[in-house]
Amino acid sequence: MSMSMLRIRAMMMASLPLLSLPNPNPNPILPIHFSLFPPSKSNKVRSKPLSVSATSLELNLPSISDRDLKPYLSCSMPEKRLRVAVLLSGGVDSSIALRLLHAAGHSCTAFYLKIWFQEDFENFWSACPWDEDLKYAQAVCDQVDVPLEIIHLTDEYWNNVVSHIIAEYRCGRTPNPDILCNTRIKFGAFMDAISSMKFDYVASGHYAHVVHSSPDRKDMSSVLELSNDMVKDQTYFLSHLSQSQLRRLLFPLGCISKDEVRRLAAKMDLPNKDRKDSQGICFLGKIKFSEFVARHIGEMEGIILEAETGDYLGKHRGFWFYTIGQRQGLRLPGGPWYVVEKDTQNNVVFVSRNYFSLDKKRRTFRVGSLKWLSGFPPDRLDQLQCKVRHGPSFYNCSVKMETSQDRNSDIAVVDLSEDDQGLAAGQYAALYQIKTCLGSGVILDSWDNQNFPVCAKALKIAKIGR
Ligand SMILES: *[C@@H]1O[C@H](CO)[C@@H](O)[C@H](O)[C@H]1NC(C)=O
């Protein structure tokens, strides 16, 4: 299976002219002069005519002045003049973030992050039209004369996100690609790539708010707070950042709502004002991403057994295509059947028709890789809030730290005030104290021993059937 991964990787290498040379730098962090503008592609891209014609841009000059934007600038540090690197995805959110920072008087440079293996999967990945995203990003920059740079982070994306996720899928876990991508790519590899360029801050169109301490209090931490728009709030996706990353971030949309963003886009006549939200490289879409990963892992036929009887029911394409609780895609008669357990050693999937007769709701779980945004746990751990997925709803919770071997990563037990129906290993749990996001950890495999009771006969058949 690792061979197929290597093969696809080799195939992708060969398709990129620049990298048909021996890979010049296996180090994930390429020096800036290298990772910027590999000659052929980016130049070609930059000189491409935009789909928005120049005349239509001239006729529709922005009809909103910087003074009109004053009420919207409270998350854009308007009191200083800063050098800001702005991540642009081609969607409305990041475009408005750029326009607010520009209106606040900062010197902005826009950056579009590109991972080129998207091109090799164009047909299969039709929902990810990066060239259209890039055209819109360029048109948005042209409206206010801000330079746009393209940064290629393919190796970093592959090494730090995709390969990690593939390894996790192989162990039967389904990690969240969005949090990994923010931590390791957008505010990881990208920040490293521009570290020599002396920007004061890196900004993006996230709905979240960072409160920085005043410059004379360098000892104080920067704090991540909920966005004004509780429904759009994206602090969950940012909860695994480090203090050194947070210190350098600016989220201009943290003080306004999605509705205001849409209204501003219309008033500014942004070229992408009517576009569906662009998901950017971090948001490849859940279903698409699992398909993508499955393609890389390949298929391996295995058997499906009924958990209660051990009866053979059919074949499957590899346990990594199935998650616990899944109903769709099993193609078994006499259902509905649910995936209740997986034997990842023997590639066996156990199913049951009685999935919901078992109480799967849980309120206590362990988290590992716990990271605190401030660098330290809060003083009190007994009255916190918790998000176990992206969305507006919280649980009250209390947290107990466990001692762990690894000094950089804590383990804790989280006790929710109510049951949750959908907790799964590999999923992130983000902790909050009222408005402040404190950090997050990854839900561990076994926080109790209440797995679905697969009968002994079924377990035995799974071993033999190997
Ligand atoms: C959380 O606890 C606070 C204070 O005890 C309470 O007011 C609030 O309703 C609780 N929220 C939830 C979602 O249980």
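The values are calculated or read from the model by the stated rules, or taken from the named source; none is laboratory data. It should be emphasised that the depicted structure is a prediction, and the values quoted were computed from it without experimental measurement. Quick reminder, even Gly has a Cβ in these numbers, built from the backbone with ideal geometry, and neighbours come from all protein chains shown.
For the reader, a short list of remarks on this structure follows.
- Test: residue in the range 189-205 that is more than 26 Å from residue 93 (Cα to Cα) and within 14 Å of the chain's Cα centre (by Cα): no
- Which numbered condition residue 145 misses (of (1) at pLDDT 80 or above; (2) within 30 Å of residue 347 (Cα to Cα)): (2)
- Taken over the range 138-149, the criterion of being buried (at least 22 other Cβ atoms within 10 Å of the Cβ) and in contact with a helix residue (DSSP H, G or I) (Cβ under 6 Å, 6 or more places away or on another chain) is satisfied by 140 alone.
- A single member of 386, 397 is at pLDDT 95 or above and either within 22 Å of the chain's Cα centre (by Cα) or away from the ligand (no atom under 13 Å from the Cβ) (or both), and it is 386.
- Scanning the range 181-212 for residues that are closer than 24 Å to residue 137 by Cα and of a type in the set (A, V, I, L, M) gives 185, 189, 191, 193, 194, 197, 202, 203, 208.
- Residue in the range 60-92 that is nearest to residue 152 (Cα to Cα), counting only those that are outside any loop (DSSP other than H, G, I, E, B) and either at pLDDT 95 or above or of a type in the set (A, V, I, L, M) (or both): 87
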